[in-house]
Amino acid sequence: DASLTSTLVEYILEFNRADEGIPSEERKPIRLYINSPGGSVTEGFALVSIIELSKTPVYTINVGQWSSMAFLIGIAGHRRFWLPASSFLMHDGSTFAFGSTSKAQDKMDFEKRFDQEIVKAHVLKHSNMRSSEYDALARVEYYLLPEDALERGFIDEIVTSIETIF
């Protein structure tokens, strides 16, 4: 939802303005609780960029599912947490194209390039996955449970105490 994304971006920017002059390690983290089947890549990467640029730490907490774009947002957190029964889905997303055949092909070519350059780089940056592993999984519905995500480096901690996510 564009409205929610804009609101979250504004909040993160406001926290950074309020924390200006405070060293990053002394700032109180922003906690972003996520339970989402995904959404728009364009809007989602606006939020991903702000999270990554934020000097105030942004902690992302999976409270149900991180699927599709929600997965890409979730792994952008400076620290990433999962509840024990949470899940995640990484996949190549959905798209649509309309107009003439050549315009539809232009759109598909751009989206393929975006997936191969931007999305892949983001996933590799926020995990211990190798490029060849990503390439092998990029066209499938790749579901993970918390233990799998921890092993792959997509999360930092599986929540075992409620105080962890306060």
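If you filter segment 124-166 for trypsin sites (Lys or Arg not before Pro), then keep DSSP loop positions with at most 10 other Cβ within 10 Å, what is left? Don't skip to the answer; put the middle values down first.
Numbers: sites: Lys125, Arg130, Arg139, Arg152; in loops: Arg130, Arg139.
Loop-located and lightly packed - Arg130, Arg139.
Given the Cα-Cα distance of Arg130 and Ala104 and 0.36 nm per residue of separation, how much length would full extension add, in nm?
On the way: separation 26, 0.36 × 26 = 9.36 nm, distance 3.16 nm.
Stretched out fully, the Arg130 to Ala104 stretch lengthens by 6.2 nm.
Accessible area per residue was computed with a 1.4 Å probe on protein heavy atoms; Met108 scores about 80 Å².
In the chain, the convex hull through the Cα atoms has an average projected area of 10.5 nm², a quarter of its surface area. Computed with a 1.4 Å probe over protein heavy atoms only, the accessible area of Glu133 comes to about 40 Å².
Label-to-label distance, Glu10 versus Ser161, with points set 7 angstrom from Cα along the beta-carbon direction: 3.7 nm. The calculated FRET efficiency for the pair Phe96 and Glu20, based on their C-beta separation and a Förster distance of 30 Å, comes to about 0.10.
From helices alone, the chain scores -12500 deg cm²/dmol at 222 nm; the rule is -39500 (n - 2.57) for each run of n ≥ 4 DSSP H residues, then divide by the residue total. Within the accessible area of segment 4-130, the carbon and sulfur atoms contribute 56%, probe 1.4 Å, all protein chains present. Here the 3J(HN,Hα) profile of segment 33-40, calculated from phi with Karplus coefficients 6.51, -1.76 and 1.60 at θ = phi - 60°, is 8, 10, 9, 8, x, x, x, 5 Hz, Gly and Pro shown as x. The angle between the Cα long axis of helix 2-18 and the longest principal axis of the Cα atoms of the chain comes to about 40 degrees, rounded to the nearest 10.
The relative contact order of the chain, computed from alpha carbon pairs under 8 Å that lie at least 6 residues apart in sequence, is 21 percent.
The values are calculated or read from the model by the stated rules, or taken from the named source; none is laboratory data. Bear in mind that the values here come from a model prediction, so they are computed numbers and not experimental data. When we count neighbours, we look across all protein chains shown, and the Cβ atoms used for this are built from the backbone with ideal geometry, even at glycine. Please note that ligands, DNA and RNA were not included when accessible areas were found on the heavy atoms of the full protein model with its side chains. Shrake-Rupley method; radii C 1.70, N 1.55, O 1.52, S 1.80 Å.
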